[in-house]
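Peer 1: First the structure, then my questions, so here it is.
The values are calculated or read from the model by the stated rules, or taken from the named source; none is laboratory data. What you see is a predicted model; the values in this text were computed from it and never measured. Cβ: placed from backbone, ideal geometry, glycine included. Neighbour counts: every protein chain shown.
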Amino acid sequence: MPQRDRLHFLLLNVGHFLDHMFTLIFAAVAALALSREWGLGYADLLKYATPGFVAFGLFSYPAGWLADKWSREGMMIAFFVGIGLMSILTGLAQNPLQLGIGLFAIGVFAAIYHPVGLAIVVAKWKNTGMRIAVNGVWGNLGVASAALITGYFIDNGGWRLAFFVPGLFSIAVGVAYAALRWNEIGAREGEAASVAAGPGYPPPTTTRCCSACPPSCSRRQRFPASFSSPPPSPCPRFSTSGCRRRESPSQHGFARPAFPAKPTSRR
């Protein structure tokens, strides 16, 4: 595997580690520091963390939708930078309400990883089973090490440091991810159409295959207008189903395919 792909996979694994670690920082902070500093019981503090865990689950839906409509790579950058910034802001909280709002924001950005990062792992590489296994190990390590890392920062700088340092690290990883994958942001649609067109066809440009297709049509594709003949794809203009109205190939710059004239019988 090329070095660039190795680095990409490593950053995705680090993202899974951070995703689970950020969601569990508060559990250790509340148990080890906040219950003493703010004079609240552990049960009283947990109710401020509940909205964050709800957001961690529910906001997976809009995260996956945005990744499909816009860019998976762009959403991963938003994940790293966003969860890092929210962690730093949470470390600045002065009361339980501010802390709860910060934890909710962390949950919103933490929801990005699973529908986006795992989709990249599955779509990009072969040997999907092993890739998912390795990625899952990194996520589990985040769960296992959250209390250990948080406890270390609490003992050596206070509970706020437990939010600051991971937040800064996540932003740094996001910058590295952006530098590595910047050219791929927004390229999802083009890559998908190239695959649909088959090997040997260049990436799509601006000429639509069939302007009569509704946006929801799965066969709506784009190909360069320089093609003199239609590509071997399930284009509804050259099939009998798929669109309400089919258009002539000549309307899109394609040469009408040549077929031998059908012999006519004379009587």
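Peer 1: Restricting to region 107-127, what's the tally of residues that are farther than 15 Å from LEU46 by Cα and either among the acidic types (Asp, Glu) or over 13 Å from the mean Cα position of the chain (by Cα) (or both)?
Peer 2: Residues in region 107-127 being farther than 15 Å from LEU46 by Cα and either among the acidic types (Asp, Glu) or over 13 Å from the mean Cα position of the chain (by Cα) (or both): 4 in total.
Peer 1: Shifting gears a bit: Does ALA179 satisfy the condition of being at pLDDT below 90 and of a type in the set (A, V, I, L, M, F, W, C)? Spell out how you get there, then give the answer.
Peer 2: On the way: at pLDDT below 90: no; of a type in the set (A, V, I, L, M, F, W, C): yes.
No, not satisfied.
Peer 1: Residues in region 98-108: is at least one within 16 Å of LEU11 (Cβ to Cβ), assigned by TED's automatic domain parsing to the domain that holds TRP159 and of a type outside the set (A, V, I, L, M, F, W, C)? Please lay out each step first, then the result.
Peer 2: Keep residues of region 98-108 that are within 16 Å of LEU11 (Cβ to Cβ), which gives none.
There is no residue in region 98-108 that is within 16 Å of LEU11 (Cβ to Cβ), assigned by TED's automatic domain parsing to the domain that holds TRP159 and of a type outside the set (A, V, I, L, M, F, W, C).
Peer 1: Can you tell me which residue among GLY136, GLY129 is part of a helix (DSSP H, G or I) and within 23 Å of PHE59 (Cβ to Cβ)?
Peer 2: Being part of a helix (DSSP H, G or I) and within 23 Å of PHE59 (Cβ to Cβ) holds for just one of GLY136, GLY129, which is GLY136.
Peer 1: For region 26-55, name all the residues that are surrounded by fewer than 19 Cβ atoms within 10 Å (Cβ to Cβ) and farther than 19 Å from GLY158 by Cα.
Peer 2: ALA43, ASP44, LEU46, LYS47, THR50, PRO51, PHE53, VAL54
Peer 1: Against the condition surrounded by fewer than 17 Cβ atoms within 10 Å (Cβ to Cβ), assigned to a helix (DSSP H, G or I), of a type in the set (A, V, I, L, M, F, W, C) and in the same structural domain as GLU37 (by TED's automatic domain parsing), how does LEU85 come out, does it pass?
Peer 2: No, not satisfied.
Peer 1: Restricting to region 56-76, what's the tally of residues that are surrounded by fewer than 20 Cβ atoms within 10 Å (Cβ to Cβ) and closer than 16 Å to ALA105 by Cα? Outline the logic, then answer.
Peer 2: Residues of region 56-76 surrounded by fewer than 20 Cβ atoms within 10 Å (Cβ to Cβ): 57-62, 64-66, 68-70, 74.
Narrowing further to those that are closer than 16 Å to ALA105 by Cα: 57-62.
The total comes to 6.
Peer 1: Just the residues that are charged (D, E, K, R) and either without any contact (Cβ under 8 Å) to a residue 40 or more places away in the chain or not assigned by TED's automatic domain parsing to the domain that holds GLY117 (or both), please, taken from region 6-37.
Peer 2: So in region 6-37, the residues charged (D, E, K, R) come out as 6, 19, 36-37.
Selection gives ARG6, ARG36.
Peer 1: Next question, about the same structure. Can you tell me which residue is farthest from the chain's Cα centre (by Cα) among those in region 128-146 that are in contact (Cβ under 8 Å) with a residue 40 or more places away in the chain and over 13 Å from LEU18 (Cα atoms)?
Peer 2: Among those that are in contact (Cβ under 8 Å) with a residue 40 or more places away in the chain and over 13 Å from LEU18 (Cα atoms), it is VAL134.
Peer 1: As an exercise: evaluate VAL108 against (1) in contact with a Gly (Cβ under 7 Å, 6 or more places away or on another chain); (2) within 27 Å of VAL29 (Cα to Cα); (3) assigned to a helix (DSSP H, G or I) and give the number of the one condition it does not meet.
Peer 2: For VAL108, the failing item is (1).
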